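Have a look at the structure below, then the notes.
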Amino acid sequence: MSDPNQDYFAHHTSQPFAWKERKKARGTWRALFESFAYLPPFNRMFGKDSPSYAESYWYCMGGLTFLSFLLLILSGLVLTLFGPTWWQGTYVGYVTKSIHYWTAQSFFFFLFLHIIRVWLTGAYRGKRWLNYAIGFVAFFLSLGENLFGLLARGDWESQFVSMHSDDMLFTIPGLRLISPENFTSALIIHVALIPFVLLILIGVHVTLVKLQGIARPL
Amino acid sequence: MKSHTPKNQETTRFHVVPHCFWRYPIVAGIVTVAVILLGMLVGSPNWPQATIKKVTTEQPGGTLWAVAQELDHSSSSYTNTQEYGMINPATRLVVDPLKSASWALAPNVNEALSQFLAQPEQQQVRWAMNYDNSIRKALKMGSMGGAMSTVPVPSLTMLSHLHGDFGPVPVIANGILQLARNGYLQNYFQGISPGNTFEYVNIWLYDQPYLLNTAIKNGLTDDQWGMIKERGFFVGPWYLIIPAIAHVLLPGGSSGPGFVLWNALIAFFFIVLFPLIPGLRDIPRYLKLYKLIYATDNIQHSPLVQSVKRSLGDETNASI
């Protein structure tokens, strides 16, 4: 065995589609449902091996944060399409905005658990540090995204926070170029600018996780 | 053969097991349904915006006082002079609206404005300052201190009994009050702003005691941990706890530069120092809390697998 890592990373390699064999082994319906997992980027999701310690729900937290991010984009697109009058003035709009709000709660809830998992398992060691740093930058950027989302809502909280932050955070050089009570600009920053950067950062983060595999245990 | 076992598996105490993938779509489905249900059943913060008409109808005395402060350059809007189009709050928030509505105002207001503008700025500020100080005296207010306590609001009766060298300032303030109460002022500010922008409306409102007083009563200012709260809703952005701690507890964190600096230091610690400095980065190893995280290898430790392993002896490898 020339390369001691060879076996360890064996579970990252792709697997052929093998429909007939899978159908025989798993039954038609199950094989059909699981088909997507044999196409990129879902290779070897089923029937794949993984280190036993990673078979813990703690290792789902990053994935659930990503899921929340996708749900935020989805509900955010609906909100963007119909606009502030809709989410302020109609029941369906209000519910959609509420789903967006709770998804943000879910995003940060799972993100905090993900960070705790990464810390406690020392999953930032060696070359993984770069991905750890990218993740943390995305985390801090998400907090800024949250502030602009609050400003873009257009309710009492937006009104008050726009002025309260304008007299504190947005008085410093650089940031004072931003006008928080300009809700149009806040909305654009919230729905286009920061999500675009976040999408890139999270995309790189997830890709690196995929390339580097699961962190080795302490 | 033991000597052929990969080094990493030898040291990890773990085995390679079949991965249970279906938990991901199942948990994802549960989370998706949960956020939809929470959105439908619990809702979200939705307190309506304060309007100029509402605020000035409830606290007209606050408006007269705010106009005095705008004219003597002591209002909080002087913090916002960097806003595009603001330049001088006295002009933007008082003089220009009055000029734009001269056709609708009583002749004495137009005359008062002409009289005010005919004087040099020094005199204008002196009149306004006299009025401002007289209001403070009537309210028995000392110097502006103790930032986060509510500000008393003068009543119209109290203001009508004030006497001093105020020049045309009280008449001008009443002209603004009239425009604010009949809804003209809000329309004017939004009319001179493009699109969905509330710069002038919000800056004008923030000069009134109303907005900050309401926030203080509801515990919503930054100093009251307002960063992690929402008005009229039980769950706020709790995840802003780190910036909130920087603002409330750390020295100098309540100023803009201090707040940014502390947050940058905290970020630097977590991104660079904690994971890279020997000793610091080893804390999780010493704490051994990873034991709470890692899944127990039930299959490998089951009596059946153990007995099979024993019977096979050294011929088996770690990932049976």
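The values are calculated or read from the model by the stated rules, or taken from the named source; none is laboratory data. The shown structure was predicted, so the numbers you read here are calculated from the model rather than taken from an experiment. Here the Cβ is made from the backbone with ideal geometry for all residues, glycine too, and neighbour counts use every protein chain on show. These accessible areas exclude ligands, DNA and RNA; they are computed on the full protein's heavy atoms, side chains included. Shrake-Rupley method; radii C 1.70, N 1.55, O 1.52, S 1.80 Å.
Odds and ends about this structure:
- For the options A:Thr28, A:Thr80, A:Thr65, a Gaussian network treatment of chain A with springs between C-alpha atoms closer than 10 Å singles out A:Thr28 as fluctuating the most.
- Evaluated with a Cβ-only charge set (Lys, Arg +1; Asp, Glu -1), chain B carries a dipole of roughly 1220 debye about its Cα centre, given to the nearest 20.
- Relative to the longest principal axis of the Cα atoms of chain B, helix B:60-71 runs at roughly 90 degrees.
- The convex hull drawn around the Cα atoms of region B:52-217, when projected onto a plane and averaged over every direction, covers 9.6 nm².
- Sequentially through region A:84-100, phi angles give Karplus couplings (6.51, -1.76, 1.60; θ = phi - 60°) of x, 4, 5, 6, 8, x, 10, 5, 4, x, 4, 5, 4, 4, 5, 4, 4 Hz, Gly and Pro residues having no value and appearing as x.
- Options A:Gly149, A:Ile194, A:Phe183, ranked by Cα towards positive dipole end of chain A, top entry (Cβ charges): A:Ile194
- Top positive-direction residue, dipole computed over the protein assembly as shown with Cβ charges, set B:Leu38, B:Gly85, A:Val92: B:Leu38
- Shielding of peptide B:72-85 by partners, expressed as the average count of other chain Cβ atoms within 10 Å per residue Cβ, is 3.
- Carbon plus sulfur fraction of accessible area for the protein assembly as shown, probe 1.4 Å, in percent: 67
- Only helices enter the 222 nm calculation for the protein assembly as shown: every DSSP H run of n ≥ 4 contributes -39,500 (n - 2.57), and dividing by all residues gives -17000 deg cm²/dmol, rounded to 500.
- Among B:Ile245, B:Ile135, B:Ile26: highest mean-square fluctuation, GNM of chain B, C-alpha pairs under 10 Å: B:Ile26
- Only Lys, Arg, Asp and Glu carry charge here, each on its Cβ (+1 for the first two, -1 for the last two); on that basis region B:52-217 has a dipole of about 420 debye about its Cα centre.
- Counting only alpha carbon atoms, the long axis of helix A:61-82 and the longest principal axis of chain A meet at about 40°.
- Proximal lysines relative to A:Lys210, as straight alpha-carbon distance under 16 Å, when same-chain residues fewer than 8 apart are discounted: A:Lys48, A:Lys127
- About its Cα centre, chain A has a charge dipole of approximately 1060 debye under the convention of +1 per Lys or Arg Cβ and -1 per Asp or Glu Cβ, with nothing else charged.
- Cross-link reach list, lysines versus B:Lys53, counting only Cα pairs under 26 Å and skipping chain neighbours closer than eight places: B:Lys99, B:Lys217
- Counting only alpha carbon atoms, the long axis of helix B:169-181 and the longest principal axis of chain B meet at about 50°.
- Near A:Ser50, the amide H atoms lying under 5 Å from its own belong to B:Val17, B:His19; only residues 5 or more places off or on other chains count, and H is placed 1.01 Å from N.
- Projected onto planes of every orientation and averaged, the convex hull of the alpha-carbon atoms in chain B covers 26.4 nm².
- Partner chain coverage, peptide B:30-42 - average Cβ within 10 angstrom: 6
- Spin-label zone in region B:158-175 - amide nitrogen under 11 Å from a point set 7 Å from the Cα of B:Asn133 along the C-beta vector: B:165
- Highest-MSF residue in chain B out of B:Tyr200, B:Tyr24, B:Tyr210 [GNM, Cα springs under 10 Å]: B:Tyr24
- In region B:99-193, a dipole from Cβ-located charges (positive for Lys and Arg, negative for Asp and Glu) runs towards its positive end, and of B:Ala180, B:Met141, B:Pro168 it is B:Met141 whose Cα lies farthest in that direction.
- Test item: B:199-209 mean partner chain Cβ contacts at 10 Å: 4
- Base-10 log of normalised Debye intensity for the protein assembly as shown (one unit scatterer per alpha-carbon) at q = 0.05, 0.06, 0.07 Å⁻¹: -0.31, -0.43, -0.54
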